[in-house]
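The structure appears below as structure tokens.
Values in this text are rule-based calculations from the coordinates and carry no lab data. No experiment lies behind these values; they were computed from the predicted model shown. Note that we place each Cβ from the backbone using ideal geometry, even for glycine, and neighbour counts take in every protein chain shown.
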Amino acid sequence: MKNFTSELSVGAYLKAGANKTVRTLSQLKDLYSNREEVNRILENEDPVLYEVFEMPPSPKETDLLVNITVLHAGVVGEEPFMTKGHFHQDPDTGEVVIGLKGSGILLLQNRKGEIQEFPVEEGKVSYAAGGWGHRVINTGKEDLHFLAISGANMIHDYETAVKLNFKSLPVENKERISANE
Ligand code: PAN
Ligand code: ZN
């Protein structure tokens, strides 16, 4: 990656050379358990769930990936908008997550099924150690912006998250929902 300096905002980040990737509901519909609600929404529109703004890393393994994610506010049935969620293929590659705006949860789950949840909001920094799959859930009413930094040698492993049935709700919500069923 080339040298850069930028305000921690999407506009400034784009000007500094970031690439943008857009994730819509039709691409990620299998994440949500309420299929009827997914189909109902998709009949009218294909909402953007989140956007990732990434500084192009150099192919060198020792470089860093530095990106801002904007996770929009909304729900599909009971489940708030969330990132796809993944493990890093190399279990030694961790990730720093810094909240910039909005409020949400960094949900961590390892291959043993252990779970941890950390807040994602302005002024909070969290570390997801290697071996912990991670997903961010927007539990607030406004867009959630966060910065993520990890090693560029990292390969996203989305399949393991699917196989392990990665959680889609903060624990207290899940308990509340099942208690009301
Ligand atoms: C993050 C995520 C980003 C989008 O930068 O890649 O928030 O989430 P998904 O990759 O799960 O769709 C990160 O964890 N990078 O490693
Ligand atoms: Zn990651």
### Task
Starting from region 83-155, pick out the GluC sites (Glu not before Pro) whose DSSP state is loop and whose Cβ has at most 10 other Cβ atoms within 10 Å.
Glu114
#### Entry: Added length on full extension, which subtracts the Cα-Cα distance from 0.36 nm per residue, Ala16 to Ala73
17.9 nm
### Cα-Cα over 23 Å, subset of Lys20/Lys112; Lys20/Lys84; Lys112/Lys141; Lys29/Lys101
Lys20/Lys112; Lys112/Lys141; Lys29/Lys101
### Message
Using alpha carbons only, how many angstrom separate the centre of region 85-136 from the centre of region 1-74?
### Response
16 Å
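Determine how many Å³ per residue the convex hull of the Cα atoms of the chain encloses.
On the way: hull volume 21.9 nm³, N = 181.
Convex hull volume per residue, Cα atoms: 121 Å³.
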#### Entry: Point-to-point label distance, Asp63-Lys141, nm (Cα→Cβ direction, 7 Å offset)
4.2 nm
### Task
Specify the residue with the greatest mean-square fluctuation among Asn138, Asn19, Asn110, computed from a Gaussian network of the chain linking alpha-carbon atoms under 10 Å apart.
Asn19
### Summary
The simple spin-label model distance between Lys163 and Glu114, using points 7 Å out along Cα→Cβ, in nm, is 2.0 nm
#### Entry: Estimated inter-spin distance, Asn3 and Val96, nm [label 7 Å along Cα→Cβ]
1.9 nm
### Summary
Comparing Lys112, Lys20, Lys141 in a Gaussian network model of the chain (Cα, 10 Å), the one with the largest mean-square fluctuation is Lys112
### Task
Select from Arg35, Arg135, Arg23 the residue whose mean-square fluctuation is largest in a Gaussian network model of the chain (Cα-Cα springs shorter than 10 Å).
Arg35
### Task
On a 0 to 90° scale, report how tilted helix 171-180 is relative to the longest principal axis of the chain, with both axes built from alpha carbons and the result rounded to the nearest 10.
10 degrees
